[in-house]
Amino acid sequence: MAQEDTFKKLVAHCKEYGYVFPSSEIYDGLGAVYDYGQHGVELKNNIKRYWWESMTLLHDNIVGLDSAIFMHPSTWKASGHVDAFNDPLIDNKDSKKRYRADVLIEEHAAKYEEKAEKEIEKARERFGEHFDEALFRQTNPRVAAYIEKRDDLLSRLSDALNANDLAALRQLVIDNQIVCPVSGTCNWTEVRQFNLMFATEMGSTAEGSSKIYLRPETAQGIFVNFLNVQKSGRMKIPFGIAQIGKAFRNEIVARQFIFRVREFEQMEMQYFVPPGAGIEWFHRWRDLRLQWHLALGFAPSAYRLHDHDKLAHYADAATDIEFRFPFGFKEVEGIHSRTDFDLRRHQEFSGKKMQYFDPSLGVSYIPHVVETSIGVDRMFLQVISASYREEVVAAGDTRVLLALPPALAPVKLAVLPLVKKDGLPEKAGEITRRLRLDYPCHYDEKDSIGKRYRRQDAIGTPFCVTVDHLSLQENTVTIRYRDTMQQERVAIDRLPDIIDEKASLKTLLRLLPSL
Ligand code: ATP
């Protein structure tokens, strides 16, 4: 199935099974804003708990924070967001559609890569098992030409962005004859900068009100509270502050479902280290964060690290953890070495010292910061798209399955009486009541057992427990495993251990190294 079709099916599946709905759908929705349904909110909460506990439970020196969305307007002057949080936008004069010029160019570069990959695939089919991909990449002139074109384009893009040269950006679009996907023409406007922050007024009267912003990232709430946390928690450097919260960006082009939305949640951790130690900690955090992703059990080949050529104004090193979405490899998480930029700027703008006295060195300094920043919604999409499968079970019989990592699954087990009589519903109700304080359970007695299994497969429930007549005599049930569809007869008393071993967050957290 084409990747695009899979993606469409995934979006439809999310709606049908209560994961994600378009916001205000009865009014035809609101651009790039989504609501999470009954299963979506549970998956989201589980992702957040996995992150939060991996930060705060596994590290003595990382503590949490919940800062407000509204912040003093000077915060965003100091952070550079008022002056530099811009995207270069370009309009097509025929379709009147608006695009990010850098994204148009990046997508064009990705097409060269796709062409090279196609050549490689063709050759693989032709040469069979004797195919040497590395040699073919080096020696095939067509592949080499595509890769050279891609690299050249990306390097010119990087130069133009670094120099903030909007005319050069437009020229790249023109020179490469990049057309609007809607009108198919190359009739472009100039490139303009567009600030992504949402602004609103605070205060009741026009004279007394002032312009404030909805935060575009949660990080600044951590920076301005750095000394509050350090002093009240008697924290010693190195230490970290973790926060989960909403962020808002007026994205120019919001496509690809919940990948890029205007209201989203971030999970950010700022790690404060001595000057000169930033790069070392950057590498350590990059490894640790990759392990966090890999522990979920998806194919390691679906992840890659992408080091930035163009660094944000605050960073001296940056890497993205990218995941292979149905629409290609894209950033899920960013790890940045932010130097002392933020704390220094807040010191300048507030006039308050943002320094730490280091007892081991006997000096005061502005700490440097390593940041890990991941979007909850993007991680949600990553998990869902990696889990979605259509499996042929028998001739003419396909099942749709969300093979979610069990620890993240919104419903851990479904309890299903085989028939709606003979005391089986009562027995199943008893089991549900016994387990539901520890694990989210579904009780379901409607339709045939086969249909009920399929319903749970589509939700992603890892275990179905079926109560039959033998259950009344022996106190046993059959447990059916979602991924293998295998069934096993087990004592009811063993259920908590089985679920714990395979589906508890603890099991997942145990796989993780800490610093
Ligand atoms: P992109 O290049 O995709 O716009 P970014 O580099 O601007 O992302 P950061 O500012 O580093 O992103 O934000 C950290 C994380 O927050 C990203 O890795 C992503 O997971 C998430 N994020 C950022 N913008 C959005 C958005 N509009 N919608 C959903 N998640 C987002």
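All of the numbers you see were taken from the coordinates with simple rules; none came from a lab. No experiment lies behind these values; they were computed from the predicted model shown. Heads up, the Cβs are rebuilt from the backbone with ideal geometry, glycines too, and the neighbour counts pull from every protein chain shown.
Report the full-extension gain for the segment Glu426 to Arg284: residue separation times 0.36 nm, less the Cα-Cα distance, to one decimal in nm.
The Glu426-Arg284 span can extend by a further 45.8 nm.
For the chain, what does -39500 (n - 2.57) per DSSP helix run (n ≥ 4), summed and divided by total residues, give at 222 nm, in deg cm²/dmol to the nearest 500?
It comes out at -12000 deg cm²/dmol, rounded to the nearest 500.
Please list 350-359, 315-324 highest first by mean number of surrounding beta-carbon atoms within 10 Å per residue.
Peptide ranking by packing, descending: 315-324, 350-359.
From largest to smallest, what semi-axes in whole angstrom does the range 86-195 give when each is the square root of 5 times an eigenvalue of its alpha carbon gyration tensor?
Ellipsoid half-lengths, sorted descending, are 33, 15, 10 Å.
Which aspartates and glutamates have a Cα lying under 14 Å from the Cα of Lys111, excluding residues fewer than 8 positions away in the same chain?
List returned: Glu119, Glu148, Asp151, Asp152.
Let me check I've understood the local charge: for Leu157, count other residues with C-beta under 13 angstrom from its C-beta, Lys and Arg +1, Asp and Glu -1. What total comes out?
-3
Among 124-133, 189-198, how do they line up by average Cβ neighbours within 10 Å per residue, starting with the highest?
The peptides rank, most packed first, as 189-198, 124-133.
Tell me the net charge near Val332. Cut-off is 14 Å between Cβ atoms, Val332 excluded, with +1 for each Lys or Arg and -1 for each Asp or Glu.
Value of the local net charge: 0.
Which order, highest average first, do 488-496, 410-418 follow once you tally other Cβ atoms within 10 Å for each residue and take the mean per peptide?
Output ranking for 488-496, 410-418: 410-418, 488-496.
Please report Rg over Rh for the chain, where both radii come from the alpha carbon positions and Rh follows the Kirkwood definition.
That ratio is 1.01, to two decimals.
Does anyone have the angle between helix 424-435 and the longest principal axis of the chain? Alpha-carbon axes, 0 to 90°, nearest 10?
Result, in degrees: 40.
Per q in 0.18 1/Å, what log10 I(q)/I(0) does a Debye calculation on the alpha-carbon atoms of the range 171-319 return?
Calculated log10 I(q)/I(0) at the listed q: -1.36.
What is the chain's relative contact order, in percent, from Cα pairs under 8 angstrom and six or more apart in sequence? Don't skip to the answer; put the middle values down first.
Details: 885 pairs, mean separation 73.1, N = 515.
Reported relative contact order: 14 percent.
Reachable lysines from Lys15, Cα under 25 Å, same-chain residues fewer than 8 places away excluded?
Lys44, Lys48, Lys246, Lys330, Lys412, Lys446, Lys451
Calculated FRET efficiency, Glu106 and Lys502, Cβ-Cβ r, R0 56 Å, to nearest 0.05?
Efficiency, from the Cβ-Cβ distance: 0.90.
Testing the spin-label approximation: label points 7 Å from Cα along Cα→Cβ at Asp5 and Ser350. State their distance in nm.
5.6
Report the charge-dipole magnitude of the chain in Debye, nearest 20, computed about the Cα centre from +1 at each Lys and Arg Cβ and -1 at each Asp and Glu Cβ.
Using only the charged Cβ atoms, the result is roughly 720 debye.
Between Gln138 and Asp438, how high is the FRET efficiency from 1/(1 + (r/R0)^6) when r is the Cβ-Cβ distance and R₀ = 41 Å? Nearest 0.05.
So, using R0 = 41 Å, E works out to roughly 0.15.
Cα axis of helix 449-459 to longest principal axis of the chain: angle in degrees, 0 to 90, nearest 10?
With both axes taken from Cα atoms, the answer is about 10 degrees.
Near the amide H of Ile62, under 5 Å away, which other amide H atoms are found, from residues 5 or more places off or on another chain, if H is placed in the peptide plane?
Gly240
Using only Cα atoms, find the angle between the long axis of helix 38-56 and the longest principal axis of the chain, and express it within 0 to 90 degrees, rounded to the nearest 10.
Computed tilt is about 60 degrees.
Which translational diffusion coefficient, to the nearest whole µm²/s, is obtained for the range 399-509 from the Stokes-Einstein equation, given a Kirkwood hydrodynamic radius over C-alpha pairs, 10 °C and 1.306 mPa s?
Answer, rounded: 115 µm²/s.
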